[in-house]
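The values are calculated or read from the model by the stated rules, or taken from the named source; none is laboratory data. What you see is a predicted model, and the numbers here were worked out from it, not measured in a lab. Heads up, the Cβs are rebuilt from the backbone with ideal geometry, glycines too, and the neighbour counts pull from every protein chain shown. Note: accessible area is taken over every heavy atom of the protein model, side chains too, but ligands, DNA and RNA are not part of it. Shrake-Rupley method; radii C 1.70, N 1.55, O 1.52, S 1.80 Å.
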Amino acid sequence: MAKSRGVRGAASWCAIAALFYLLVRSLLYAGVSALLGLLQPGASLSKPVGVSDATIGLLQLFIGIGAIAIPLWCMLRLTRLEVRDLRIVLPAPWSPGFCLPVFLGLANTANLAGALLTTWLGIETTTSILPSGGLELFVQFLVLCVMPAIVEELFFRGALQGLMRPCGSAVAIFGPALLFALLHLDPVQGLTALVCGVFLGWLAERSGSILPGILLHFTNNCLAFLSLYLRFYAPNNVSFAVELFLLLFFPLFSLWLVYHARQQGFRFSAGLRPGVDVLDVFTSPAYLVTVLFLLVYTVFLSH
């Protein structure tokens, strides 16, 4: 009974934090764009006329960190969340040789499904061009690979999952993962984010730490970064071969690993905390309204 009542409050706080994150990110983006326009007339983050790529990258880094840091600070002050709930600790023994390939297999399966969905629905996708090298490329590496792996795991698998954890592992994994997916504001990226978010949430519960998730998240980002770089600067056959390898090898290899692990008695549910049903997260009106709002917002933005 206590967990059934508690899941509504925890889910409500998670929903509020998610919307606050979106608000802070939007305000920071608008504020930085306005400041950029004052320093360089006519310039903005979307149209950085006369501003170096390195400067734009550093500003994006500031926005990404600030959009997480401010809601996280507020959660630590206003909710029952404590620093120890973030699980920034050394993990219990875990198997990178199993978890990393399985995670990459899930991520690339979702990527493939997303690509097919994009083609089927006729959704136009835009791809940012990476700098060819130098400081500009390094800053983009920080923005696209390092920063998201750290701050997103800290916020979603650390803070939001920490709030939901007393209600049981299943709802603690699913509740933040769904918000993580919807906050990408892109139906294709959201599919991959949901699959990855569930696995990273499971890993945080099993290992007792968000550090393994940061490592896996960072590795996946690096592979995506490499694929994007090769798409612009490598011969077409090389770029196609690398992308095809990632999309086919990891899903097949992960299936083989999971099959043999289950033959040896491995169960994904082992070691998880019992609690309320996953769907009980929708008993929170704030959470339900937030999910519906983000869904409508995403559909609106994608057209």
task: Compute, for residue 27, the solvent-accessible surface of its heavy atoms (probe 1.4 Å) with the complete set of protein chains present, and express it in square angstrom to the nearest 10.
output: 110 Å²
statement: With all protein chains present and a 1.4 Å probe, the order of 209, 132 from largest accessible area down is 132, 209
- line: With the 1.4 Å probe rolled over protein heavy atoms, the range 205-303 has an accessible area per residue in Å² of 61 Å²
- prompt: Quick one: ranking 87, 165, 80 by accessible area, 1.4 Å probe, largest first, what do you get?
  reply: 80, 87, 165
message: Viscosity 0.692 mPa s, temperature 37 °C: give me the Stokes-Einstein translational D for the range 209-251 in µm²/s, with Rh taken as the Kirkwood radius over C-alpha pairs.
response: 292 µm²/s
- prompt: Given the protein chains as shown and a 1.4 Å probe, how many square angstrom of residue 126 are accessible, to the nearest 10?
  reply: 140 Å²
- prompt: Ignoring ligands and nucleic acids, what accessible area does residue 205 show with a 1.4 Å probe (Å², nearest 10)?
  reply: 20 Å²
field: Extension gain from residue 278 to residue 115, taking 0.36 nm per residue of separation minus the Cα-Cα distance
entry: 55.8 nm
statement: For the range 160-208, the Kirkwood Rh over every pair of distinct alpha carbons, in Å, works out to 10.6 Å
query: For the range 23-40, what does the Karplus curve 6.51 cos²θ - 1.76 cosθ + 1.60, with θ = phi - 60°, yield as ³J(HN,Hα) per residue in whole Hz, taken in order and with x for Gly and Pro?
result: 5, 4, 4, 5, 5, 5, 4, 5, x, 5, 4, 5, 5, 5, x, 6, 6, 9
- line: Between residue 266 and residues 5 or more places away or on another chain, the pairs with built amide H atoms under 5 Å apart involve none
message: Please list 3J(HN,Hα) in residue order for the range 239-253, calculated via the Karplus relation 6.51 cos²θ - 1.76 cosθ + 1.60 where θ = phi - 60°; whole Hz, with x for glycine and proline.
response: 4, 5, 5, 5, 5, 5, 4, 4, 6, 9, 5, 5, x, 5, 5
- request: Step through the residues of the range 189-202 one at a time and calculate ³J(HN,Hα) from phi using the Karplus curve (6.51 cos²θ - 1.76 cosθ + 1.60, θ = phi - 60°), rounding each to whole Hz and writing x for Gly and Pro.
  value: 5, x, 4, 5, 5, 5, 4, 5, x, 5, 5, 5, x, 4
- line: If amide H atoms are modeled at 1.01 Å from N in the peptide plane, then the residues at a separation of 5 or more from residue 183, or on another chain, having amide H under 5 Å from its own are none
- line: Per its Cα gyration tensor (rounded if a/c is under 1.5, else prolate when a/b beats b/c, else oblate), the range 98-222 is best filed as oblate
task: Could you tell me the distance between the Cα centroids of the range 136-208 and the range 1-70, to the nearest Å?
output: 16 Å
message: How would the chain be classified by its alpha-carbon gyration tensor: rounded, prolate or oblate, with rounded meaning a/c under 1.5 and the a/b versus b/c comparison settling the rest?
response: oblate
query: Which order, highest average first, do 225-231, 38-44, 171-177 follow once you tally other Cβ atoms within 10 Å for each residue and take the mean per peptide?
result: 171-177, 225-231, 38-44
- line: Over the chain, the sum of -39500 (n - 2.57) across DSSP H runs of at least four, divided by residue number and rounded to 500 deg cm²/dmol, gives at 222 nm -24000 deg cm²/dmol
message: With an 8 Å Cα cut-off and a minimum separation of 6 or more residues, compute the relative contact order for the range 49-182 in percent.
response: 41 percent
